[in-house]
Amino acid sequence: MNALRCLSFACMFGLLGNAALAQSPSKYDPGASDSEIKIGQTYPYSGPLSSVGELGLTEAAYIAMINERGGINGRKVTFISLDDNYSPAKAIEQTRKLVEQDEVLAIFNPFGTPTATATQKYLNSKKVPQLFAGTGSSRFNDPAFPWSSSVIPSNLAEGVALGKYVAQRFKAAKVAILFQNDDFGKDYAKGFKDAIASTPAIQIVKEAAYEVTEPTIDSQITQLAATEADVLLNVTAGRAAVQSIRTLSNLKWRPLHLLNGKWANMDVFEPVGMEKAVGIISYQYIQSAYEPGWETEPAAVEYKEFMKKYRPGANLHSVINVQGYLYGRLLVHILREAGNNLTRENINSISTNLHDVDLGGLLLPGVKINTSPTQRHLISNQILTQFDGKRFVPIE
């Protein structure tokens, strides 16, 4: 994958739009016109989390489909997705290009806590919407950054929820914590530790951090396993998440395994063998493509038809592709709601005032999409589950 990757999808289409929209006065900021809407994004198409690039490709494919069907309110969408190598410095460089050279209307779903955090101050200073970044960092619900929001649940809140689960289940326990050494890992671990702090018989016996650039985390897991802890809080991502499951199995260490929901999925489990992931507890919000009966649900049929036409050869069952499809729907919903008022302020306002939005029936029952100026994490409630070797079973 080139260091700089640009995916631009646009097509010309009919001049007739919605009559009501045509009669309303048009308001435009840079990146919008009578015929076009420009949206930018950075993703790790190369680097340590390059597998996540599939998500960006699926989002771009979804926009290509929308353009083929006539666009949004009579306008084509030019979707520009650039490679940031999961590097904060590269993310800043690419984001500045998107804003200052490409003149995009907004940045949508840039992936990663370190990269999205690196560009947050710049985008807020320019009053360019940083819409639903791929992070659960508490910084993206901070009033100091009103132009930012996040697409995934709060790392801090999810950590708190898992901590409460442990406190309810155990009167006494030894806990080991493995975490990525950045805001993602630190927020998650902090929430967990805060939740168990009032239960003194639950003790944290060891913590181990790792850098995302480390080729292996075997030594950290070996150190944690030596404690023979009863509970492992595992806050890893990408290849580190895969390695953690494999190494735990090789060491024959069997703690209660709590894996952060962002990386508790079949894409991580399959490479090491589903049987090695049995018992993992995590929070989930998207329906799994491996669920019995999923294939025949109308929402799943529509998703599969999209993938076969616009992403031929891609893994239909990958949670990353399901997410890309859902996030593409989210972007289209926001732009349609904006109508002819394609200003950055209006786009940001719509994004922070979503109410029970339906993203095509692929969310788990009970999961709602609601945002407000004081709650800017797209997903704020999830389902606690345990993996049984085939599926995620809700924990009552």
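Within the stretch 319-335, which residues have the backbone N less than 14 Å from the label spot 7 Å out from residue 36 along Cα→beta-carbon, could you tell me? Backbone N within reach: none found. To the nearest ten degrees, helix 113-125 and the longest principal axis of the Cα atoms of the chain are 40 degrees apart. For the stretch 321-396 versus the stretch 259-314, the inter-centroid distance based on Cα atoms is 17 Å.
Axis angle, to the nearest 10 degrees, between helix 319-338 and the longest C-alpha principal axis of the chain: 40 degrees. Other residues lying with their Cβ under 14 Å from the Cβ of residue 116 contribute a combined charge of 0, Lys and Arg counting +1, Asp and Glu -1.
Rounded to whole Å and ordered largest first, report the semi-axes of the equivalent ellipsoid of the stretch 155-284 derived from its Cα gyration tensor (root of 5λ).
Working: eigenvalues 87, 48, 42 Å².
Each semi-axis is the square root of five times an eigenvalue, giving 21, 15, 14 Å.
Taken about its Cα centre, the stretch 170-217 carries a charge dipole of roughly 420 debye when the Cβ of each Lys and Arg holds +1 and the Cβ of each Asp and Glu holds -1. Restricting attention to the stretch 155-284, the count of lysine pairs at 8 or more positions apart or across chains with alpha carbons under 16 Å apart stands at 11. Normalised by the number of residues in the chain, the mean separation of alpha-carbon contacts (under 8 Å, six or more apart) gives a relative contact order of 17 percent. For the stretch 80-217, the relative contact order comes to 18 percent (Cα pairs under 8 Å, sequence separation of at least 6). Using the Cβ-Cβ distance between residue 299 and residue 226 with R0 = 45 Å, the FRET efficiency computed as 1/(1 + (r/R0)^6) comes to roughly 0.45. DSSP bridge analysis restricted to the chain gives an antiparallel fraction near 25%, rounded to the nearest 5. Let a ≥ b ≥ c be the square roots of the eigenvalues of the Cα gyration tensor of the stretch 280-335; is it rounded (a/c under 1.5), or, if not, prolate (a/b larger than b/c) or oblate? Here the stretch 280-335 falls in the oblate category.
Subtracting the Cα-Cα distance of residue 308 and residue 291 from 0.36 nm times their residue separation leaves 4.2 nm of extension gain. Computed from the C-beta positions of residue 101 and residue 51 and an R0 of 25 Å, the FRET efficiency is 0.30 to the nearest 0.05. Axis angle, to the nearest 10 degrees, between helix 53-68 and the longest C-alpha principal axis of the chain: 30 degrees. By the rule of a C-alpha distance below 18 Å, with chain neighbours fewer than 8 residues away ignored, the lysines paired with residue 76 are 27, 38.
Provide the FRET efficiency to the nearest 0.05 for the residue 205-residue 249 pair, computing r from the beta carbons and using R0 = 22 Å.
0.55
Here is the list for the stretch 217-277: trypsin sites (Lys or Arg not before Pro) lying in DSSP coil, each with at most 11 other C-beta atoms within 10 angstrom of its C-beta, are 252.
For the chain, build the convex hull from the C-alpha positions and give me its volume per residue in Å³.
So the per-residue Cα hull volume is 132 Å³.
Restriction of the GluC sites (Glu not before Pro) in the stretch 137-238 to DSSP coil positions whose beta-carbon has at most 13 other beta-carbons within 10 angstrom yields 211, 228.
Where a number appears in this text, it was derived from the coordinates with a stated rule and is not lab data. Model, not experiment: these values are computed from the prediction. Counting neighbours? That spans all protein chains shown, and the Cβs are built from the backbone with ideal geometry, glycine included.
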